[in-house]
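Nothing in this text is a laboratory measurement; each read-out follows from the coordinates by a stated rule. Predicted, not measured: the structure shown is a model, and the values here were computed from it. Because the Cβ atoms are built from the backbone with ideal geometry, glycine has one as well, and the counts that use them run over all protein chains shown.
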Amino acid sequence: MDVLLVISHELKEDEHRRVQQMFANMNILAEHNFAAVSRHIRTNPYKFIVLLSFEDTLPPSWKVEDLKLETPVMILLKVNKLDLFVFYSFLDSVGLLSKSSAEAADKQPPPPLLYKSIEYIEENLCENELCLETVAASIFVSRCHYSRMFKEHFGIGFKEYIMNKRVQKAKVMLQEGVPVTDVCYAVGYGDLTHFGRVFKRLVGERPSDYRRKNARHGSHTA
């Protein structure tokens, strides 16, 4: 395998299995100990290395500059599962994922317009009017065609993708102590009750509870 994905968190057995299934063409190393990561990288040749963290930063003990590698290294921070789908498709489209010749012949690369639509989503994520129709129109395809294309290449539905991206942004704002009502409108929801239901379904608790537990010291007050 030519690509190494290093996750700076230890995973449970079932979590590691799911990640390995998702990225079957990549070597997965879930390891918090930087010395172990360094040893693995130095003794195994890779064309591309990805260092991934679900947090805002890599662990403090990780001195990436000490690796002194010629191999390209990409660092991804604050990553969620949905970002991984998009990232995998990117690696696939640029030919970094090794496949058998039969697989390569069967799989069509994602259309460039699909990546253009992702850029449109990122730029308009906080707009209440953002929906399947507007995104499809931005790349001049039908709503149904775009929905099928999105699910086929990213492995997730458009609506679920948008909800998760908005909730991830909401979590960051709540950690900064921004009031729940302000967060609701800032991430593209026009109804506080609906925002609360979506947030609780994906996170497991109400936005106000999440804010109270996670707001950093010195942030906004309620």
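At 0.36 nm per residue, minus the direct Cα-Cα distance, what do Arg212 and Thr134 gain on full extension? Give it in nm, one decimal, please. Display every interim value, and only then the final one.
Numbers: separation 78, 0.36 × 78 = 28.08 nm, distance 3.52 nm.
Stretched out fully, the Arg212 to Thr134 stretch lengthens by 24.6 nm.
Ordering Phe199, Leu174, Gly188 by the projection of their Cα atoms onto the charge dipole of region 159-214, which places +1 on the Cβ of Lys and Arg and -1 on the Cβ of Asp and Glu, puts Phe199 at the extreme positive end.
Quick one: length gained pulling Lys12 to Thr57 fully straight, 0.36 nm per residue minus the C-alpha distance? Present the calculation step by step, with values, prior to reporting the outcome.
Numbers: separation 45, 0.36 × 45 = 16.20 nm, distance 2.10 nm.
Answer, rounded to one decimal: 14.1 nm.
Each label point was placed 7 Å from the Cα along the Cα-to-Cβ direction; for Asp182 and Met74 their separation is 3.4 nm. For region 59-67, 3J(HN,Hα) computed residue by residue from phi via the Karplus equation (6.51, -1.76, 1.60; θ = phi - 60°) reads x, x, 7, 7, 9, 4, 5, 6, 5 Hz, glycine and proline entered as x.
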